[in-house]
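Enquirer: The structure that follows is given in the form of structure tokens.
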Amino acid sequence: MSKVITVSRELGSGGREVGLRLAKKLGIPFYDKELIAMAAEDSNISEDLFHANDEVIAGQKRINYDDYATVDPFSPVYEVPVSDQLFVIQSKIIQRLAANGPCVIIGRCSDVIVEDAFRIFICSSFKKRVERIQGLEKEPEDLKKLESRIRAVDAKRRDYYQYYSGNEWGKPKNYDLCLNSGTLGIERCVEIIVNSVTLE
């Protein structure tokens, strides 16, 4: 297998777990939040700023360089919105990782950044996603608040993806494989992906 596998996912669909199990089964590196630490180290920008703007369009906010980095205030980069700067930094990290060989990368428009990736989208019914998150949380969250949070995160991911890729998030034609984890289960999703990728 020579491909980078990218996993886009709805919140609560188990996309991260699918990616993690897939990487373990194939014996290849897995990258999700690790990208933030790498990007922060490369750019001398705080991890907190990356976390705050992870897969989010930050509008016209500017980085407060007194808090986060040492940068020439007269540099053109100073006027670039936070989300754009962070996207460029993360994109370079993703391209570098992809150049090193097969790996699994979660979200962050990696399916567009890595041109020859095997692109996966993991979805599930809203009810199943709510149930999954409830089962994972140590302290139960108010149902209405949880449902609102799921919709809000999905909306942010959709906006982020469309803004930076020009493609429609979750639309089957933009992926090589779309799987419903609520119907198939996590392990079956992993099996299907392994069989699909190794046949490439």
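Derivation of every value follows stated rules applied to the coordinates shown; laboratory data play no part. These numbers were taken from a predicted model, which means no experiment stands behind them. Ideal geometry is used to build each Cβ from the backbone, glycine not excepted, and the neighbour counts take in all protein chains shown.
Enquirer: Can you sort LYS128, LYS173 from fewest to most other Cβ atoms within 10 Å of each residue's own Cβ?
Expert: So the residues, fewest neighbours to most, are LYS173, LYS128.
Enquirer: Now, a different point. Can you tell me which of 24-31, 139-146 comes out highest on packing, and rank the rest after it, using the mean Cβ neighbours within 10 Å?
Expert: 24-31, 139-146
Enquirer: Around GLU41, with a cut-off of 14 angstrom between Cβ atoms, what is the net charge of the other residues, counting Lys and Arg +1 and Asp and Glu -1?
Expert: -1
Enquirer: If you don't mind, there's one more thing I want to ask. So for ARG157, ARG16, fewest C-beta neighbours within 10 Å to most, what's the order?
Expert: ARG16, ARG157
Enquirer: Still on this model: Can you sort CYS103, CYS189 so the residue with the fewest Cβ neighbours within 10 Å comes first?
Expert: Ascending Cβ contact count within 10 Å gives the list CYS103, CYS189.
Enquirer: While we're here: For CYS178 and GLU137, calculate 0.36 nm times their separation in residues minus their Cα-Cα distance, and state this gained length in nm to one decimal.
Expert: Working: separation 41, 0.36 × 41 = 14.76 nm, distance 2.62 nm.
Result for the pair: 12.1 nm of gain on full extension.
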